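The numbers here are math on the coordinates, done by the rules we state, and not lab data. Predicted model only: the values in this text are computed from it and were never measured. We place every Cβ from the backbone using ideal geometry, glycine too, and count neighbours over all the protein chains shown.
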Amino acid sequence: MTAPFLLRKGARCLMTLLLAVTFVFVVLRLSGDPVQRMLADDVPAKVIESYRVMWGLDRPLPEQYLRYIANVVRGDFGLSFRDDRAVATILAERIPATLKLGLLALGITLLIGIPGGIVAALNRGKLVDRVVMGITILGHSLPNFFLGILLILYFSMTLRLLPSSGIGTWQHMVMPAITLGTSFAGTVARFTRSAMLEVLNQPYMRTARAKGVQRPARIWHHALPNAAIPVVTVVGLRLGGLVGGATVVETVFGYPGIGSLLVNSVAQRDLAVVQGVVLLIAFTMVVTNLLIDLAYGWLDPRIAATQSGAGA
């Protein structure tokens, strides 16, 4: 990977983050004055105005925007309108829980999706292929909230094996991780199957077979590396979407992560916290896309060379 390739990708990431900050700032203020929506209708106008002054909402929008950009660059996302705590502190308290849940769900996704897609591709048109694809499509089609409720009814209410909400032990993470990981596994399995089928039909695979290369070696050394790029793409996008995708799952299971924080903050009109969460999700997506691009360059150096030449 060349320096121009890295510099161009980094510049695009910074521009995307700036656009995300601007979009969040503008859209969240189009719905009206957050102070009036947060306080009761019978609160005196003087009290409302004092809150607007305290939170800097009395200033012109351009000035609010510039101050917000400057604060974000310093890592200051403002204060929560509800409990007057730093948004960065609130996010720091919730991130570990969502990170644990997301990584566990990603592990479930990879353990189910990639092997399932490979097995289905190697048995194309057979019963195994139809069964694997049927299961993965079912897991992908079921809404997260519906699957989560089913798991709660069976494992919590009927068998009484797992807690239905909260956090604290590994048992609390089992059902949320399965709910979140199952839907992603279906997508990964379908992409893996398609990528493997395309690679298996390439001339170099037939050449390797004609040379007497054993099937496991053909699959491991020739098929998988060449099928990795589309799989890396979908896995990376799913990884970036885990923070945002966990919103429904965390709400269903009462899991105290970033997703449930976003839902509560929107309901309470806590503008500063909503901005912080949305920026965190945007940052996660941008960084994930950057890592995907770097992975492309590592898996196939021709991609980095081509893009560097195009940029020149």
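Return the FRET efficiency for the residue pair Ala86, Met15: r is the Cβ-Cβ distance, R0 is 22 Å, and the value is rounded to the nearest 0.05.
FRET efficiency, Ala86 to Met15: 0.20.
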If you take mean projected area of the Cα convex hull in nm² from the coordinates, which of (1) 18.0; (2) 32.9; (3) 21.3 do you get? (3)
How about segment 166-273: which trypsin sites (Lys or Arg not before Pro) there are in a DSSP loop, with at most 11 other Cβ atoms within 10 Å of their Cβ? Lys211
About the Cα centre, charge dipole magnitude for the chain (Lys/Arg +1, Asp/Glu -1 at Cβ), debye: 1460 debye
The answer for trypsin sites (Lys or Arg not before Pro) in segment 57-164 that fall in a DSSP coil and have at most 15 neighbouring Cβ atoms within 10 Å is Arg74, Arg82, Arg85, Arg124, Lys126, Arg160
At what distance in nm do the modelled label points of Gln171 and Arg124 sit from each other, each positioned 7 Å from its Cα along Cα→Cβ? 4.7 nm
